[in-house]
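The next block holds one structure in the form of C-alpha cells; read it before the comments.
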Amino acid sequence: MRWENLADDDAPSGPARTAALFAADAVTTRTFDTPEFRGITFHEIRARSIVNRVPGASRMPFEWTVNPYRGCSHACVYCFARKTHSYLDLDTGLGFDSQIVVKVNAPELLRVHLASRRWQGAHIAMGTNVDCYQRAEGRYRLMPGIIEALRDHANPFSILTKGTLILRDLELLKEAAAVTEVGISVSVGFLDQELWRTVEPGTPSPERRLDAVRTLTEHGIGCGVLMAPVIPFLGDHPDQLRATVRAIAASGATSVTPLVLHLRPGAREWFMAWLGQHHPHLVRRYERLYAEGAYAPKWYQRRITGQVHDLAREFGMGPAHRGAARRIPAALEPTRPEPTQLTLL
C-alpha cells in the first residue's frame, strides 16, 4: 500500500501532486467484529492537514473542503471518488467499499487551522469526496468535533450526505446555524427499492433520507435535496421522476437540483460491470449514451433538468438558486458545461 504517495484528496493527479499528508509509520489498521463493520478494514492515520484547496480548474462553487474519510462503505457503484483509492494501490471496486482511511485527528487539525491568522473564514464544504456520515462515523465520531470547531469560529460550511446519522448532530448544527451560514443537502436520486438495494447497498433507504430532511427542516435547518444521480433507463422514466419530486416536496426540502449520472474513470468500469450483471440489455445503450466520455449528452441532461424543474414548480418548490444559503447543489446545475456529480454521494 503506497501510503507515502497519498496526498490531498482534491489535488490533481500526476507529478504536481502535493506531498504525502501523513507518514507510513503513522497508520494503525483495525477491524471490528460487529455486524455493521464486518468485512471492513479501517486504516487510522494522523493527518498532517485537513483543509484542502479545490484545484483552480474545478467548477465547484466552493474553494475549500474537509474530508475526514477516504473510501466509503456506502458502496455506491457509480461513486466518482473511487479513482482516489488507486493512489493507495487499492482497487477502486471492493477496496473502495471496504478499506476506509480515517483521519482520526481531523477535529483538532481543523481547530488549529481555523485559529490561524492566515485563515480568512472562507466557506468549507464537506461530503464532496466521500460521505462524512458513512457508517464509520458512528464509531469514530469525527463530525461533532469538526462542527464544534466551525461553530466556535463562526465559519460558514455546508454538508452533503446520504447518511441519516447527521441527525445525531442536530443540536450542534442548530448552534452553528445561529452564528454562521450552514447549508445542508441530502442526496436522493430515486425511490425505486430494487434499484437502491443494488446500486447504493450501504446507504439508508431513500425514504429514511427524506425523513431526515423532514426532521432537519422541522428543527429550523433548511435542507435541500440533490436529486442525484438520475440513472438513465433505470430511474429516468417520467413516472419515476414525478414520484421522486413529489416525495422530496412532501419532505419539506427547500430545493431540488437534479444531476444526471456521470461515469469517470474508476467509477465507469465498476458501474459497467454492475450493469452487465444486473441489466445486461442496457450495456450497449450506455456505451452509446456515454460514447463521448464521462458525461451524458447535453440534450439528455437538459431534458431531465427541465422535467424535474417543471415538477418542482407543480409541487410548490423550486430548484436551488444562487441567492439561497450556501448549499452544495446551488451551483451544480446539470446544464452547465461539464457538471460534477458528487458521492453519495
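The values are calculated or read from the model by the stated rules, or taken from the named source; none is laboratory data. Being a predicted model, the structure only gives us computed values, none of them experimental. Quick reminder, even Gly has a Cβ in these numbers, built from the backbone with ideal geometry, and neighbours come from all protein chains shown. Remember, those area values only see protein heavy atoms, side chains included, never the ligands or the DNA or RNA. Shrake-Rupley method; radii C 1.70, N 1.55, O 1.52, S 1.80 Å.
Once the chain from GLU171 to LEU94 is taken as fully extended at 0.36 nm per residue, the excess over their C-alpha distance is 24.2 nm. In the context of the full set of protein chains, the stretch 157-310 has a per residue accessible area of 39 Å² (1.4 Å probe). The listed residues TYR140, TYR300 rank as TYR140, TYR300 when sorted by accessible area, largest first, using a 1.4 Å probe. Ordered from largest to smallest accessible area (heavy atoms of protein chains, 1.4 Å probe), the residues LYS174, LYS83 come out as LYS83, LYS174.
Extension gain for ASP211 to TRP299 (0.36 nm times residue separation, less C-alpha to C-alpha distance): 28.4 nm. Surface calculation, 1.4 Å probe, protein heavy atoms: TYR290 sits at approximately 0 Å² accessible. Spin-label model, GLU36 to VAL179: label points 7 Å out along the Cα-to-beta-carbon direction sit 2.9 nm apart.
Other residues within the sphere of radius under 11 Å centred on the Cβ of LEU109, judged by their own Cβ, net out at +3 (K and R +1, D and E -1). Between ALA115 and GLU292, the contour length at 0.36 nm per residue exceeds the Cα-Cα span by 59.1 nm.
Probe of 1.4 angstrom, ligands and nucleic acids ignored: what's the accessible area per residue over the stretch 69-153, in square angstrom? Walk me through the intermediate numbers first.
Details: 2830 Å² over 85 residues.
Here the residues of the stretch 69-153 average 33 Å² of exposed surface.
Working note: Cα gyration tensor of the stretch 171-242, eigenvalues times five, square-rooted, sorted largest first, giving semi-axes of 28, 12, 10 Å.
Each label point was placed 7 Å from the Cα along the Cα-to-Cβ direction; for GLU269 and GLU194 their separation is 3.0 nm.
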